[in-house]
Amino acid sequence: MIPNHSPWIKQLKRTRPVVPLDKDMSSDVAIVGGGIAGVTTAFFTLRDTDKTVVLVEANKIAHGATGHNAGQLASYFERSLSDLVEEFGVELAIDGQRSVESAWILLDEIIAEAKLQTPVYRFTGYAGLSRFDQVLLHLKNSRYRADHGLIQETIILADHWDKLADIPKEFKDLYSLAPQKDLIQLLETNNTDYIACLSFQKGCMNSALFSEELIGYLIATYKDRFSFYEGSPVATVRLNDSNASLEVLGHTIGAGRVVLCTNGFENFSIINEAGAEIETKFHHLVAGRIGYMSGYVEPLNNPPVAISYFPKTDQYSNDPTGESYFYLTRRPHEHEGKDSYNLVCAGGPEKVLPNGAGYSSEDYCSEDVQASIDEFLRSNYDKHTRETEYSFCWHGLMGYTPNGIRRIGFEPCNPILLYNLGCNGVGILPSIFGGKRISRLLNNEQVEQSIFDPHDQSCGA
Ligand SMILES: Cc1cc2nc3c(=O)[nH]c(=O)nc-3n(C[C@H](O)[C@H](O)[C@H](O)COP(=O)(O)OP(=O)(O)OC[C@H]3O[C@@H](n4cnc5c(N)ncnc54)[C@H](O)[C@@H]3O)c2cc1C
């Protein structure tokens, strides 16, 4: 039995003691949750407004999804762009896509301003497709990208593929052809099921280390306006007309605004004294999915990369709800005091948490899931060696909102409450974009409507 052991948490090497809330206090803004969403929301709020901020974390900084992800910097949604267009219309969908891509620059800004040392690797990432429907979907997305001024994904199709003639004419300008051996080389595979290769800007970083470093910067830089407590679970959020109060460890935090950065709503109640009951259904609708990862260390023989594999069949999937894919990242990694190693991580299998079931980060890694990741790597990643032992296996909780889009903005039933939450599989860059958007809302800026705006049937948008 192997315990939940993430390389990102291991790299934290934290020395800062946990300081829980031990008194009543007040602040203009209270942020609940100290993952990357909470920490970057605090960064932008402190930098771009003159407000006082308190951040309260139930456990320790970055020990939630932020410390248990794949650490891939990716600016896509786990829903296709064409699907978003169908739901929101072209303008809002394209704007949403552009917003998430804007987080690349916001990330650079944070790193430069706070002088963070957390390594960020940027490179071209690849995705291998093996079926006609997958190719068609990506071409459809690509059409929207091309027609609306978004940066194009490169799409290469195998020149001998027997389905080439079935591709609709309207997509002809969106792809190029190449011998299959060239495209599977980009995918680092020998598996000839892959007949298409997409490429786009990607990257990777340890988002837990990033959050931990950033919190250190905030503590040092905003001594007069920022306070921060770990080991401090919020039990109740009570909302009034013009302010809120939070109950934490028997103390009260008075706040002008409350921002939930909790991934989903977790373990607390929200009481709205000034209007309709907050849509508690949302709480139940945020579906938990546990994502599983394995990682091994190898000599530093290859450059950093991120590759996703969309196999022909779903035989490896533990996720009954969606299309399965596996994702792999390779990046330099310090091991036994030396930095001449790579860490290769792979994930893909997910388990949907039954409604109402709890998730425990203490649970052991599932051997079945580990075996399925290993089996997938062996038959898809040509640099995987049989001798390699897995040094890490870990899992983390993802909260999926009903429409798969992060919630960023005011609670419609009471705007004293705001959200920057909903992991939805890809959450690092969206959290950062969300942090910036929240700071603009808190600054009373006119912020354009977006696909991220929270909706509530009882109170309208
Ligand atoms: C296996 C896996 C792989 C992933 N891979 C990627 C990837 O490659 N790329 C990507 O972009 N995203 C990925 N994600 C998603 C990404 O990790 C998250 O979207 C991102 O870390 C979200 O951060 P967060 O701050 O919203 O949530 P979290 O990091 O979960 O932080 C929420 C925090 O809120 C705290 N909290 C909850 N309730 C309370 C309370 N009552 N009081 C006080 N604090 C509370 C929690 O303790 C927690 O620390 C992955 C996720 C998983 C699980």
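The values are calculated or read from the model by the stated rules, or taken from the named source; none is laboratory data. Every value quoted in this text rests on a predicted model; they were computed, and no experiment measured them. Cβ coordinates were reconstructed from backbone atoms using ideal geometry, including for glycine residues, and neighbour counts include every protein chain displayed. When the accessible area is computed, the model is the full protein with side chains, heavy atoms only, and any ligands, DNA or RNA have been set aside. Shrake-Rupley method; radii C 1.70, N 1.55, O 1.52, S 1.80 Å.
Condition check ((1) assigned to a loop (DSSP other than H, G, I, E, B); (2) within 18 Å of Val39 (Cβ to Cβ); (3) open to solvent by 30 Å² or more (accessible area, probe 1.4 Å)) across all residues:
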position	(1), (2), (3)
Ser242	yes, no, yes
Thr252	no, no, yes
Ile271	no, no, yes
Ala276	yes, no, yes
Met293	no, no, no
Tyr296	no, no, no
Asn301	yes, no, yes
Q: Can you give me the number of residues within region 385-423 that are in a strand (DSSP E or B), at pLDDT 85 or above and either more than 17 Å from Val32 (Cβ to Cβ) or within 16 Å of the ligand (Cβ to nearest atom) (or both)?
A: 15
**Q.** Matching residues in region 424-437 - criterion: being within 12 Å of the ligand (Cβ to nearest atom) and modelled with pLDDT of 95 or more
**A.** Ile428, Leu429, Pro430, Ser431, Ile432, Phe433, Gly434, Gly435
Q.
Criterion first (away from the ligand (no atom under 15 Å from the Cβ), open to solvent by 30 Å² or more (accessible area, probe 1.4 Å), in contact with an Asp or Glu (Cβ under 9 Å, 6 or more places away or on another chain) and not small (Gly, Ala, Ser)) does Val90 satisfy it?
A. yes
(Q) Can you confirm whether Glu445 is surrounded by fewer than 24 Cβ atoms within 10 Å (Cβ to Cβ), acidic (Asp, Glu), touching a residue at least 40 places away in the same chain (Cβ under 8 Å) and more than 15 Å from the ligand (Cβ to nearest atom)? (A) no
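Condition first: charged (D, E, K, R), in a helix (DSSP H, G or I) and open to solvent by 40 Å² or more (accessible area, probe 1.4 Å). Can you find one or more residues in region 145-152 that meet it? Full working, then the answer.
The initial filter retains those residues of region 145-152 that are charged (D, E, K, R), namely 145, 147.
Narrowing the set further to residues that are in a helix (DSSP H, G or I) leaves 145, 147.
Narrowing further to those that are open to solvent by 40 Å² or more (accessible area, probe 1.4 Å): 147.
For region 145-152, residues charged (D, E, K, R), in a helix (DSSP H, G or I) and open to solvent by 40 Å² or more (accessible area, probe 1.4 Å): present.
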Q: Taking Tyr359 as meeting all but one of (1) within 15 Å of the ligand (Cβ to nearest atom); (2) surrounded by 21 or more Cβ atoms within 10 Å (Cβ to Cβ); (3) among the hydroxyl-bearing types (Ser, Thr, Tyr), write down the number of the exception.
A: (2)
Q. So which residues in region 30-42 are in contact with a strand residue (DSSP E or B) (Cβ under 8 Å, 6 or more places away or on another chain) and near the ligand (Cβ under 6 Å from one of its atoms), if there are any at all?
A. Val32, Gly33, Gly34, Ala37, Gly38
(Q) For region 9-29, check the following and say yes or no: at least one residue is under 19 Å from the mean Cα position of the chain (by Cα), in contact (Cβ under 8 Å) with a residue 24 or more places away in the chain, more than 7 Å from the ligand (Cβ to nearest atom) and buried (at least 24 other Cβ atoms within 10 Å of the Cβ). (A) no
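Do we have Tyr292 as aromatic (Phe, Trp, Tyr), modelled with pLDDT of 90 or more and on the phi < 0 side of the Ramachandran plot here?
yes
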Q) Say we look at region 197-219 and pick out the residues that are among the hydrophobic types (A, V, I, L, M, F, W, C) and in contact with an Asp or Glu (Cβ under 8 Å, 6 or more places away or on another chain); which of these is nearest to the ligand (Cβ to nearest atom)? A) Phe200
Q.
I'd like the full set of residues that are assigned to a helix (DSSP H, G or I), more than 8 Å from the ligand (Cβ to nearest atom), open to solvent by less than 10 Å² (accessible area, probe 1.4 Å) and under 20 Å from Val120 (Cβ atoms), limited to region 43-79.
A. Phe43, Phe44
